[in-house]
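The next block holds one structure in the form of structure tokens; read it before the comments.
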Amino acid sequence: MKVKVAEAAAPLIEVFHSIGEEPLDHVSYFYVHGCLERIVFVFGSTSLVVLADEDDDTVVLSTASTATTDTSLETNMTHLPLWTPFTGKPFGWGYIVINQQGYCDGLLLSFGDMRSKILVQVLASSLQVSMISEAPSYLTNAADEQSK
């Protein structure tokens, strides 16, 4: 089972490998009819492009040369409080999210280390972006104590 999942996910996962540990330069959003259709993450000479596929509400990932990526119709969102903590930080890890129906409808992204910091998911044919916060240590320590 593990091998089949890895083989099926390989094209998506390979996109993350092409970014390496480049720092995040900026993030741009592209809206169509009020829906966030595309996000472009610029990491030096490589851009990670995340699209919402409206046909099946899945995430489509690709990379492109930053020099040839047209972001003229997109809005630079790097200044938002969501993105400022990660600007200039190296790409850490990328995770794909597969729902119970077998569709890849989300991503987890980390910057600076391997802990996921951002969730990108497709909801109603629009990308939604959320910051992931860690539970305070007193909560996790209490759970550890209760399990003993």
(request) Would you be able to tell me the number of residues in the stretch 96-140 that are of a type in the set (Phe, Trp, Tyr), over 19 Å from Leu80 (Cβ atoms) and surrounded by 15 or more Cβ atoms within 10 Å (Cβ to Cβ)? (result) 1
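Please pick out the residue among Thr78, Thr58, Thr71, Thr66 that is surrounded by 15 or more Cβ atoms within 10 Å (Cβ to Cβ), touching a strand residue (DSSP E or B) at 6+ places or on another chain (Cβ under 7 Å), of a type in the set (Ser, Thr, Tyr) and more than 25 Å from Glu14 (Cβ to Cβ).
Values: Thr58 fails: more than 25 Å from Glu14 (Cβ to Cβ); Thr71 fails: more than 25 Å from Glu14 (Cβ to Cβ); Thr66 fails: more than 25 Å from Glu14 (Cβ to Cβ).
Being surrounded by 15 or more Cβ atoms within 10 Å (Cβ to Cβ), touching a strand residue (DSSP E or B) at 6+ places or on another chain (Cβ under 7 Å), of a type in the set (Ser, Thr, Tyr) and more than 25 Å from Glu14 (Cβ to Cβ) holds for just one of Thr78, Thr58, Thr71, Thr66, which is Thr78.
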(message) If Ser110 meets every condition in (1) part of a loop (DSSP other than H, G, I, E, B); (2) over 26 Å from Val32 (Cα atoms) apart from one, which number is that one?
(response) (1)
(request) Only residues that are part of a loop (DSSP other than H, G, I, E, B) and touching an Asp or Glu at 6+ places or on another chain (Cβ under 9 Å): list them for the stretch 13-54, please. (result) Gly44, Ser45, Glu54
(message) Can you tell me how many residues within the stretch 34-79 are more than 16 Å from the chain's Cα centre (by Cα), of a type in the set (A, V, I, L, M, F, W, C) and within 20 Å of Val122 (Cβ to Cβ)?
(response) 1
(request) Identify, by number, the condition in (1) of a type in the set (Phe, Trp, Tyr); (2) surrounded by fewer than 16 Cβ atoms within 10 Å (Cβ to Cβ); (3) under 20 Å from Ser116 (Cβ atoms) that Tyr31 doesn't meet. (result) (3)
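Output the residue which, of all residues in the stretch 55-90 that are part of a strand (DSSP E or B) and in contact with a Phe, Trp or Tyr (Cβ under 6 Å, 6 or more places away or on another chain), is farthest from Ala6 (Cα to Cα). Break it down stepwise before answering.
The first filter runs over the stretch 55-90 and keeps only residues part of a strand (DSSP E or B), leaving 58-65, 75-76, 87, 90.
Going one step further and asking which of them are in contact with a Phe, Trp or Tyr (Cβ under 6 Å, 6 or more places away or on another chain), we end up with 58, 75.
On the way: Thr58: 18, Thr75: 34 Å.
Among them, the one singled out is Thr75.
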(request) Return the only residue of Ile96, Ile132 being closer than 17 Å to Ile13 by Cβ, of a type in the set (A, V, I, L, M) and modelled with pLDDT under 95. (result) Ile96
(request) Go through the stretch 113-137 residue by residue and tally those that are touching a residue at least 60 places away in the same chain (Cβ under 8 Å) and part of a loop (DSSP other than H, G, I, E, B). (result) 2
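The values are calculated or read from the model by the stated rules, or taken from the named source; none is laboratory data. Owing to the predicted nature of the structure, the values given are computational and were not obtained by experimental measurement. Glycine gets a Cβ as well: all are built from the backbone with ideal geometry, and neighbour counts include every protein chain shown.
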